[in-house]
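J.: Attaching a single structure in structure tokens format; questions to follow.
The values are calculated or read from the model by the stated rules, or taken from the named source; none is laboratory data. These numbers come from a predicted model, not from an experiment. Every residue, glycine among them, receives a Cβ derived from its backbone with ideal geometry; neighbour counts consider all protein chains shown.
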Amino acid sequence: MTENNEQAEKGKEKVEKKPSKVKSYFKNLFDFSQYDAKTILSMIIFMFLVVFSLYLLYYIYFVDETFLFILVVEWFVNPIILLGIIGILLFLLIMAIQGLIVPIPSEIVLLAVGMIWGWFWGGLLGVAGSMLAGILCFYVSKKGGRPLAEKFIGKSALEMADDLIEKHGMVAIILARSLPFVSFDAISYTAGLVDMDIKKYSIGTFLGTIPRAFFYSYLGSILITHEPGKTIDLGDIPLKEIEALSQTFNIILLVVLVVLVIVFGLYYITGKMWEKKRVSGKYLLKIKQKMDENPKINVKFIRKAILMDEELFNKKIIEWSEKFNFEIDEGVLIINKQTLPDFYKVLDEQFAEINNLREV
């Protein structure tokens, strides 16, 4: 009877633990006390943009599928044609707005640029506008989106993505930007969510945007022809052609949405796997092997390997660099091979201590 009672008590404890974990998750999800007012404001703006974007998606798919195409011609192409050279400033402004409102893909705006200025000048201005939109989206996502993403998918998933970006970031950005049918805005927001260097992001965006901008500008230049200084009359375009173009634009929107959902899903799944690797000590072992092979390593990899809080680690790494005769140059630790074994012992002790506290 006693054994049965003990088993029943254990079973009861397990059942009670599950709701407590769920409760703590949602409690943490809506707890913004750790952020300052500026960060909270950025998060609110980001959430507003997401909700507004979802509403536009609903309107485009269920109310008026020609909305985007007509919007671009009437409120983008024609005003810029009438303004002449000043229209370039209007184009840059609209390109920036497009970057913040996800359901208006940059592809549509780049097509319109080709309609207005032709493939060459349209391509050059398309590169400039894409850079502006890409950097703006990057900063909005980085300031408001990352804290919000940490709430929903956890720091582990984003830190795992940080490591991937550190290794393949610029190459990945160049390839993704170069492919005409990969969502431009989705890449901008994703890069902002992970800890990507702004210089690498900007260079990758610039190099990858060149073929993309000229590709869509060329398509726009052969789509509709018009006399310089004259606006485009939608009445000259057959209704079926407008509907066909609108359907193409709407498919692009669907691809954007699917890409974003897949990205966040992969973040969550791979982040959980990466977290298990860190807690088991395998990641720390991998970092040690890297330090054996290379005397230089980014300090943030060490912090993640020993599971230490960033604020505490920043203090500790300075102490360790003095104690073990290391140097720190722009976030890179330059290792002294002679004191490395003693440094490993300290890392093992810190990892064990922090891991034990996590389990408690």
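J.: Any residue in region 89-110 that is among the charged types (D, E, K, R) and either in contact with a Phe, Trp or Tyr (Cβ under 8 Å, 6 or more places away or on another chain) or surrounded by 20 or more Cβ atoms within 10 Å (Cβ to Cβ) (or both)? It would help to see each step written out before you state the result.
T.: Just the residues of region 89-110 that are among the charged types (D, E, K, R), to begin with: 107.
Filter once more, keeping what is either in contact with a Phe, Trp or Tyr (Cβ under 8 Å, 6 or more places away or on another chain) or surrounded by 20 or more Cβ atoms within 10 Å (Cβ to Cβ) (or both): 107.
There is at least one residue in region 89-110 that is among the charged types (D, E, K, R) and either in contact with a Phe, Trp or Tyr (Cβ under 8 Å, 6 or more places away or on another chain) or surrounded by 20 or more Cβ atoms within 10 Å (Cβ to Cβ) (or both).
J.: Follow-up question, since we're still on this one. Just to be sure before I move on: is Tyr55 in contact with a Leu (Cβ under 9 Å, 6 or more places away or on another chain), modelled with pLDDT under 85 and not assigned by TED's automatic domain parsing to the domain that holds Asp309 in the structure I sent?
T.: no
J.: To continue, here is another question. Are there any helices (runs of 4 or more DSSP H) wholly within region 66-110 with 2 or more residues that are under 17 Å from Leu49 (Cβ atoms) and modelled with pLDDT under 75, and if so which?
T.: Those helices (runs of 4 or more DSSP H) span 87-100.
J.: Hey, another quick one. Can you spot a residue in region 164-179 that is at pLDDT below 85, in the same structural domain as Arg212 (by TED's automatic domain parsing) and not in a helix (DSSP H, G or I)?
T.: Yes - at least one qualifying residue is present in region 164-179.
J.: Moving on. So, in region 307-334, of the ones that are of a type in the set (Asp, Glu) and within 20 Å of Ile354 (Cα to Cα), which residue ends up modelled with the highest pLDDT?
T.: Taking the candidates together, the pick is Glu319.
J.: Still on this structure, please answer the following. Do you know which residues across region 307-329 are among the basic types (Lys, Arg) and over 17 Å from Leu340 (Cβ atoms)?
T.: Lys315, the sole residue that qualifies.
J.: Can you go through Tyr216, Tyr189 and tell me which one is modelled with pLDDT of 80 or more, of a type in the set (Ser, Thr, Tyr) and assigned to a helix (DSSP H, G or I)?
T.: None of the others qualify; the one that does is Tyr216.
This table checks each residue for (1) exposed (fewer than 14 other Cβ atoms within 10 Å of the Cβ); (2) of a type in the set (S, T, N, Q).
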site	(1), (2)
Met291	no, no
Asn294	yes, yes
Asn298	no, yes
Ile306	no, no
Lys316	no, no
Gln338	yes, yes
Pro341	yes, no
Val346	no, no
Glu349	yes, no
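J.: Among the residues of region 118-163, which ones are at pLDDT below 60 and on the phi > 0 side of the Ramachandran plot?
T.: Once the filter is applied, which keeps residues that are at pLDDT below 60 and on the phi > 0 side of the Ramachandran plot, region 118-163 yields only Gly154.
J.: What number of residues within region 312-350 are out of contact with any strand residue (DSSP E or B) (no Cβ under 6 Å at 6 or more places or on another chain), touching a residue at least 24 places away in the same chain (Cβ under 8 Å) and aliphatic (A, V, I, L, M)?
T.: Qualifying residue count for the region: 5.
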